[in-house]
Amino acid sequence: MNWIDIGSLTDIPAQGARVVRTALGCVAVFRTADDQVFALEDRCPHKGGPLSEGIVHGAQVTCPLHAWVFDLNTGQAQGADEGAVATFSARVVAGRVQLDATRLVRRSAA
Amino acid sequence: MTQKLVVIGAGMASGRVLEHLFEDAPGTFEVTLFNAEARGNYNRIMLSPVLSGEKTYEEIVTHDADWYARHGVTCHFGTHVTRIDRDRKVVVAGGAEVTYDRLVIATGSAPFIIPVPGRDLPGVVSYRDLDDTNAMIAAARPGAKAVVIGGGLLGLEAAAGLALRGMEVTVIHLMGHLMERQLDPAAGYLLQKALEARGIRIHCKGATKAILGQDRAEAVLLEDGTTYGADLVVMAVGIRPETRLATDAGLEVGRGITVDDTMVTSDPAILAVGECVEHDRQLFGLVAPLYDQARVVAATLQGKPAAFRPVQTATKLKVTGCDLFSAGDFAEGEGREDIVLRDPARGIYKRLVIQQDRLIGAVLYGDTADGPWFFGLIKDGTDIGPLRDTLIFGPSHQGGATADPMAAVAALPPEAEICGCNGVCKGRIVQAIEAGAQTLAAVRAVTKASSSCGTCTGLVEQVMALTLGPDFAAPVRQGMCGCTDQGHDDVRRLIRVKALKSIPAVMQELGWKTAGGCASCRPALNYYLLAEWPLDYRDDRQSRFVNERNHANIQKDGTYSVVPRMWGGVTTPDELRAIADAADRYNVPMVKVTGGQRIDLLGVRKEDLPAIWADLNAAGMVSGHAYSKGLRTVKTCVGSEFCRFGTQDSTGLGIRLEKLLWGSWTPHKVKLGVSGCPRNCAEATIKDIGIICVDSGYQISVAGAAGMEVKETEFLAATPSADEACDITAAFIQLYREQGQYLHRAFKWVAKVGLDKIRAQVVDDLENRAALVARFELSQSVYRQDPWAEHAPAAARRQWAALADLSQEAAE
Ligand code: SRM
Ligand SMILES: Cc1cc2nc3c(=O)[nH]c(=O)nc-3n(C[C@H](O)[C@H](O)[C@H](O)COP(=O)(O)OP(=O)(O)OC[C@H]3O[C@@H](n4cnc5c(N)ncnc54)[C@H](O)[C@@H]3O)c2cc1C
Ligand code: SF4
Ligand code: FES
């Protein structure tokens with residue numbers, strides 16, 4: 001694991017998300033009502049909608065474009081819809097949000 | 001051969017008689033039904049939820065006009081029977097006479113009015129029927145004062161309902177503790193504490209001396225000199241059987257109309273049923289025994305043998321959040337022993353009274369789940385000797401069973417009563433399910449279980465779950481969404497009557513089934529709350545759909561469109577220059593004229609939104625709300641200022657309306673059009689509100705549509721005055737704001753409510769119109785603000801950009 005500090009928990013609205021730019025595209029970092037954080041790929045598998053702009057309810061988010069619902073734990077689409085987004089490890093340490101950068105930052109060798 | 005059956009009183013008891021008759025012997029009786037109330041049979045015991053606003057009258061009607069018609073019942077509602085002529089076998093009502101072969105008297109009870117001075121003043125009501133309930137609702141202005149005389153079942157239900165409606169309520173009770181007939185002092189105390197926590201004042205040992213007031217009730221004076229101010233006085237001190245007709249007819253009457261085991265009075269042609277009867281020196285005031293009587297009456301009428309045997313009854317108080325249950329006898333006495341369990345932290349109190357190894361009484365407060373089990377033990381006279389030590393812990397602790405909530409129900413024997421009102425036991429429900437009743441509705445239809453006061457619905461569902469196993473699908477109710485069984489209108493009403501002022505409060509109080517709602521209920525709740533409490537409620541941005549959260553329309557590629565307001569479609573060279581500059585500065589890929597007479601800058605990146613807004617703000621422009629469930633555009637034509645046919649200044653009126661209405665939130669979007677003459681160049685007649693100027697003034701029409709449905713507007717009002725046109729428009733929008741279901745355009749709301757009703761409120765009733773306009777203005781004092789200006793300042797911009805940028809970071 002390679003934890004990188006990306007900001008304060010309070011920078012993310014509860015029941016909301018902020019975006020982190022990475023070499024792989026945007027990652028949406030969600031904060032739930034009970035202050036859990038989750039990091040997911042910010043591109044809906046349906047038509048590319050930004051999940052970071054969806055409504056967060058419980059540990060789920062509804063895509064803003066056509067209302068597919070995703071589980072923040074697994075990245076899996078819920079209900080009848082099929083698809084998934086990549087998930088990344090995230091944690092809160094002393095009020096700071098950290099992402100596991102192992103899969104996120106550019107490989108220097110590349 | 002049909003017999004003529006006349007029934008006096010369409011109450012809970014006679015309603016049940018008729019149901020049995022039509023089911024067992026259809027076509028045998030030609031029924032004429034009289035009722036002093038101006039309506040047919042409804043579930044009287046549900047008046048309290050109607051009073052509190054948790055149900056509507058329509059929801060508690062048990063027999064509607066259709067039902068009576070289907071069974072050929074001749075109804076005389078709103079008609080008092082004044083005399084029974086037994087010699088000629090006729091009843092007399094309002095000058096007319098109806099003959100009978102058999103007569104059923106089911107006149108119920110009359111509320112007892114204590115003979116104190118002032119009891120006849122307007123503002124003093126009893127609590128018996130729908131008219132009383134409506135009178136209370138009408139008097140229940142928030143902040144007004146109510147005094148309820150009587151701290152029994154009815155008085156407390158009235159007090160709780162009035163408190164929920166925002167009244168300041170005091171209960172005067174003659175005895176030392178509340179509901180002394182059903183509760184012991186400890187439970188009475190817990191109940192008093194729970195009611196006081198809701199802001200209800202309780203005065204025990206209070207004897208009413210007089211009701212004071214000149215033209216109407218103003219205060220209640222007690223013997224001890226205390227006075228309580230009162231805009232409304234509710235007398236709920238007791239009832240007495242309504243026996244006047246029977247007495248006049250010379251029937252044998254004690255405290256009630258005397259009947260034998262077959263429910264026949266001293267005249268073999270006449271039966272009596274319900275609260276008006278006396279059987280074996282006993283009176284009855286709860287529906288369970290009345291339903292047993294009804295079954296016997298129906299049998300007797302058909303010549304079948306049957307006998308009424310009164311059984312024990314149990315009581316529940318229908319005040320949401322006060323769980324109490326009492327059954328049997330719990331007075332202290334020789335040879336009686338108590339088992340008591342208290343859990344003060346959870347506010348639980350349980351007391352069992354035992355005599356000679358039989359349970360004879362039970363009082364439960366705070367946790368009433370085991371009530372039916374205890375009640376079963378009381379009724380059956382079970383020998384509880386072997387269970388004694390663990391009895392108070394309930395059935396789940398007997399025989400080593402676990403504390404599984406289902407176990408309590410599973411442990412019930414088939415004879416255990418589940419539905420107290422209708423006397424339905426577990427075995428009967430199981431039988432009905434096994435015979436094919438697979439839904440709650442079906443079980444209700446077949447067994448009547450949970451069809452009266454409804455408090456046992458959960459138990460019935462548990463019996464279904466146990467019987468059907470995995471086949472049992474939880475009942476689907478028409479809720480707003482999967483998170484709740486409550487519909488939109490109910491949620492709105494409860495937000496109002498329970499004064500719920502936040503989304504968590506709504507979810508907690510109305511029992512949301514999910515932790516944080518969903519993308520469909522949250523925006524609706526946010527709207528309902530801000531519309532109801534414009535000054536108190538703080539908009540919840542995270543419950544807004546993306547467009548409203550970001551004050552711009554999201555596009556398929558995640559960029560946004562920016563539409564500044566052009567009041568009435570009018571712009572200036574300076575505005576156009578500023579728009580052009582902004583388009584250049586932020587590399588806007590497309591500039592487009594919209595269908596709403598303004599200019600759209602499409603393809604703006606999210607992080608640029610605050611900056612482009614700041615630039616547009618600097619040129620005097622504000623958000624056009626092209627994204628909101630709120631006022632969109634007011635489309636106008638050039639009108640009398642330039643056009644040779646123009647009759648009025650349609651452009652000017654359009655601008656004035658847009659300045660009046662902008663910023664307001666509505667159930668769905670609202671668009672207006674103002675045309676200068678009937679040529680209608682602004683297409684006003686397909687808008688939510690359209691105004692056509694004519695020589696004599698302004699014609700206002702509403703409820704048009706031109707989206708997925710297309711519909712011409714309907715005429716609402718004409719006025720010579722532009723001021724009045726603005727008022728009517730604002731009043732119409734406010735009414736829509738208050739009543740419309742979220743995501744229903746105005747035309748859908750109008751179709752649901754009816755244009756005539758709306759016209760009566762916003763056009764004809766001037767006082768009401770002014771009140772609507774005032775409420776709209778109050779809300780606009782908060783919302784007539786430019787959201788762009790709020791987010792444009794440099795300090796606020798950070799949250800529109802990415803939280804971090806790792807794209808340039810290298811892995812070590
Ligand atoms: C920009 C505009 C089209 C244009 O280029 O002219 C437009 C664009 C959109 N309309 Fe519209 N409507 C536009 C005028 C209209 C009109 C014509 C009018 O207003 O005179 C109508 C028909 C009249 C009406 O409102 O009924 C119209 C009926 C709709 C509907 C159907 C509404 C209905 O009740 O049936 C929707 C869908 C909805 O709101 O649920 C919709 C939804 C949309 C959305 C917001 C779709 C969305 O949710 O993303 C579009 C945003 C596109 C974008 O990328 O920004 N738009 N839309 C017009 C903006 C007007 C303005 O200045 O604010
Ligand atoms: C607010 C409230 C809450 C209650 N809650 C409960 C509860 O939770 N559980 C419970 O078991 N019980 C409850 N009760 C009691 C229950 O409602 C009564 O026991 C039941 O309604 C009595 O039925 P009935 O048919 O005898 O009389 P009613 O239902 O009162 O019907 C009698 C009808 O006869 C009509 N009538 C009277 N005289 C004449 C005449 N001369 N001519 C024509 N019509 C006439 C009356 O207008 C009335 O409509 C409650 C009662 C009230 C008022
Ligand atoms: S009609 Fe409206 S919603 Fe449909 S594509 Fe055009 S702008 Fe979008
Ligand atoms: S892009 Fe997410 S649901 Fe269509």
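Extending each Cα 7 Å along its Cβ direction at B:VAL340 and B:VAL116, get the distance between those two points in nm, one decimal.
Taking the two extended label points, one gets 3.2 nm.
Under a crude label model (7 Å from the Cα following the beta-carbon direction), how far is B:THR82 from B:ARG538 in nanometres?
Going from the B:THR82 label point to the B:ARG538 one covers 6.6 nm.
For the protein assembly as shown, give the magnitude of the charge dipole about the Cα centre (Cβ charges: +1 Lys/Arg, -1 Asp/Glu; no others), in debye to the nearest 20. Don't skip to the answer; put the middle values down first.
Working: 96 positive and 109 negative charges, 340 e Å.
Rounded to the nearest 20 debye, it is 1640 debye.
Given contacts defined as C-alpha pairs under 8 Å and at least six residues apart, what's the relative contact order of segment B:1-156, whole-number percent?
Details: 209 pairs, mean separation 40.6, N = 156.
Across segment B:1-156, relative contact order equals 26 percent.
Could you tell me what % of all Cα pairs in segment B:237-326 have separations over 16 Å?
More than 16 Å apart: 56 percent of the Cα pairs in segment B:237-326.
Over segment B:731-812, what is the relative contact order in percent, taking alpha-carbon pairs closer than 8 angstrom and at least six residues apart?
It rounds to 27 percent for segment B:731-812.
When all C-alpha to C-alpha distances in segment B:488-543 are sorted into bins of 10 Å, what percent of pairs does each bin hold, rounded to whole numbers?
Pairs per bin, as whole percents: 26, 63, 11.
Taking 0.36 nm per residue of sequence separation and subtracting the Cα-Cα distance, how much length would be gained by fully extending the chain between B:ASP574 and B:ALA38, in nm to one decimal?
Numbers: separation 536, 0.36 × 536 = 192.96 nm, distance 6.81 nm.
This chain segment gains 186.2 nm when fully extended.
Just to be sure I follow: if Rg is taken over the C-alpha atoms of segment B:323-397 and Rh is the Kirkwood radius over the same atoms, what is Rg/Rh?
The Rg/Rh ratio comes out at 0.93.
Mind putting together the pair-distance distribution for segment B:269-388? All Cα pairs, 10 Å bins, whole percent per bin, short to long.
Final binned percentages: 12, 34, 29, 18, 6, 1.
From the residues B:VAL116, B:ALA106, B:ILE149, which one has its Cα farthest along the dipole of segment B:1-154 in the positive direction, the dipole being from +1 and -1 charges on Cβ of Lys/Arg and Asp/Glu about the Cα centre?
Final value for the positive-end residue is B:VAL116.
With an 8 Å Cα cut-off and a minimum separation of 6 or more residues, compute the relative contact order for chain B in percent.
Contact order relative to length: 7 percent.
Based on the Cα coordinates of segment B:405-471, what is the per residue volume of their convex hull in Å³?
Values: hull volume 4.8 nm³, N = 67.
Output value, Cα hull per residue: 71 Å³.
Can you list the residues of segment B:156-178 with backbone N under 19 Å from a point 7 Å past the Cα of B:LEU778, pointing along Cα to Cβ?
Counting only backbone N, you get B:164-168.
Quick one: P(r) of chain A from all Cα-Cα pairs, 10 Å bins, percents rounded to integers, in order of increasing distance.
Here the calculated profile for chain A is 16, 50, 28, 6, 0.
Given the C-alpha atoms of the protein assembly as shown, compute the convex hull and give its volume per residue in Å³.
226
With a 10 Å cut-off between alpha carbons and a GNM built on chain A, which of A:GLY54, A:GLY16, A:GLY83 moves the most?
Comparing A:GLY54, A:GLY16, A:GLY83 in the GNM, the peak value goes to A:GLY83.
By how many nm would the segment from B:ASP260 to B:ASP280 grow when fully extended, if each residue of separation counts as 0.36 nm and the alpha-carbon distance is taken off?
Additional length available on full extension: 6.4 nm.
Which FRET efficiency value, to the nearest 0.05, is calculated for B:PHE642 and B:ASP756 with the Förster distance at 30 angstrom and r the Cβ-Cβ distance?
Result of the calculation: an efficiency of 0.20.
Quickly work out the B:ALA794-to-B:GLN808 label distance, labels modelled 7 Å from Cα along the C-beta direction, and quote it in nm with one decimal.
2.1
Can you give the Rg/Rh ratio of chain B, where Rg is from the C-alpha atoms and Rh is the Kirkwood radius?
Answer for chain B: 1.05.
Apply 1/(1 + (r/R0)^6) to the Cβ-Cβ distance of B:ILE348 and B:LEU174, taking R0 = 25 Å, and write down the FRET efficiency to the nearest 0.05.
Numbers: r = 28 Å, r/R0 = 1.12.
In this case the efficiency is close to 0.35.
Output ³J(HN,Hα) for segment B:127-141: one whole-Hz value per residue in order, computed from phi by the Karplus curve 6.51 cos²θ - 1.76 cosθ + 1.60 with θ = phi - 60°, and x for Gly and Pro.
10, 9, 9, 4, 4, 4, 4, 5, 4, 5, 4, 5, 7, 7, 7
Evaluate the charge dipole of chain B about its Cα centre and quote only its size in Debye, nearest 20, assuming +1 on the Cβ of each Lys and Arg and -1 on the Cβ of each Asp and Glu.
On the way: 86 positive and 98 negative charges, 250 e Å.
I would put it at about 1200 debye.
Counting other C-beta atoms within 10 Å, which of A:ASP34, B:ASP184, B:ASP695 has the fewest, and how do the rest follow? Don't skip to the answer; put the middle values down first.
Working: A:ASP34 11, B:ASP184 22, B:ASP695 8.
Lowest to highest Cβ neighbour count: B:ASP695, A:ASP34, B:ASP184.
Taking Cα centroids, how far is segment B:245-301 from segment B:44-63 in Å?
27
Quick one: if you take sqrt(5λ) for each eigenvalue of the C-alpha gyration tensor of segment B:113-237, what semi-axes come out, biggest first, whole angstrom?
Square roots of five times the eigenvalues give 21, 16, 13 Å.
In terms of the Cα gyration tensor, with a ≥ b ≥ c the square roots of its eigenvalues, is segment B:687-812 rounded because a/c is under 1.5, prolate because a/b exceeds b/c, or oblate?
Judged from the Cα gyration tensor, segment B:687-812 comes out prolate (a/c at least 1.5, a/b above b/c).
Quick note: the coordinates plus some simple rules give every number you see, no bench work behind them. Predicted, not measured: the structure shown is a model, and the values here were computed from it. When we count neighbours, we look across all protein chains shown, and the Cβ atoms used for this are built from the backbone with ideal geometry, even at glycine.
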